[in-house]
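J.: Can you keep this structure in mind? I'll have questions shortly.
The values are calculated or read from the model by the stated rules, or taken from the named source; none is laboratory data. No experiment lies behind these values; they were computed from the predicted model shown. So basically every Cβ, Gly included, is an ideal-geometry build from the backbone, and we count neighbours across all protein chains shown.
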Amino acid sequence: MPTTQPLTICLVDTQGHRTQTEVERQEWNKKDASSKALRFFVGMIIVALLMIPIPIVHFGIPIILLFSPLVAFIVYKVYSGGTDIKGEAKCPACNEALPIRSSCDHWPIHGVCPNCKASYSIEQC
């Protein structure tokens, strides 16, 4: 499992209104990424084995067997060293609940409120 730590962020809208909240930041190290890639690989092999008795569909087995190492490698590369930010905040413009989901670790993060359509940016406080 990735390591989780709290992170304090500030949301700022275009008129300068600010809200501050705490979200979770998950960091994926190489061990976590390789574990996830191995689970994808094993899952694809199990799907290939389950396809054996199904007529016509079983012709997809060679494709799955050929591409499962590639998919596992891509999963490993995507998740190794990655970070996820998850939580909930209040929109600085309308004060409604705003889900925060991002896999980007470049600051500031920009978004649009689904309730009032106001744009905001997320900064580290």
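J.: Pairs, please: C-beta under 8 Å, at least 6 apart or cross-chain, first residue exposed (fewer than 15 other Cβ atoms within 10 Å of the Cβ) and in the range 1-17, second in a loop (DSSP other than H, G, I, E, B) and among the polar types (S, T, N, Q)?
T.: Sorted first by the residue in the range 1-17, then by its partner, the pairs are Thr3/Asn29.
J.: OK, next. Anything in the range 73-106 that is out of contact with any Lys or Arg (no Cβ under 9 Å at 6 or more places or on another chain), under 29 Å from Lys30 (Cβ atoms) and small (Gly, Ala, Ser)? List them, or say none.
T.: Residues satisfying the conditions are Gly82, Ser103.
J.: Right, something else. Tell me which residues, restricted to the range 62-85, are at pLDDT 90 or above, surrounded by 15 or more Cβ atoms within 10 Å (Cβ to Cβ) and either outside the structural domain of Met44 (by TED's automatic domain parsing) or not small (Gly, Ala, Ser) (or both).
T.: Ile64, Val71, Val75, Tyr76
J.: When you check Ile109 against the structure, is it over 24 Å from the mean Cα position of the chain (by Cα), among the aliphatic types (A, V, I, L, M) and within 27 Å of Trp28 (Cβ to Cβ), yes or no? Lay out the reasoning, then the answer.
T.: Working: over 24 Å from the mean Cα position of the chain (by Cα): no; among the aliphatic types (A, V, I, L, M): yes; within 27 Å of Trp28 (Cβ to Cβ): yes.
When the stated conditions are applied, Ile109 does not pass them.
J.: I need the full set of residues from the range 79-111 which are touching a residue at least 24 places away in the same chain (Cβ under 8 Å), of a type outside the set (D, E, K, R) and within 30 Å of Met44 (Cβ to Cβ), in order please.
T.: Listed by number, the residues that qualify are Tyr79, Ser80, Gly81, Gly82, Thr83, Ile85.
J.: Scan the range 43-61 residue by residue and report those that are part of a loop (DSSP other than H, G, I, E, B) and surrounded by 11 or more Cβ atoms within 10 Å (Cβ to Cβ).
T.: We begin by selecting, within the range 43-61, every residue part of a loop (DSSP other than H, G, I, E, B); these are 51-56.
Of everything in the range 43-61, those that are part of a loop (DSSP other than H, G, I, E, B) and surrounded by 11 or more Cβ atoms within 10 Å (Cβ to Cβ) turn out to be Met51, Ile54.
J.: Here is a follow-up. Check whether at least one residue in the range 91-111 is under 30 Å from Ala48 (Cα atoms) and not polar (S, T, N, Q), and report yes or no. Reasoning before the result, please.
T.: Let us first name the residues in the range 91-111 that are under 30 Å from Ala48 (Cα atoms), namely none.
Within the range 91-111, none of the residues are under 30 Å from Ala48 (Cα atoms) and not polar (S, T, N, Q).
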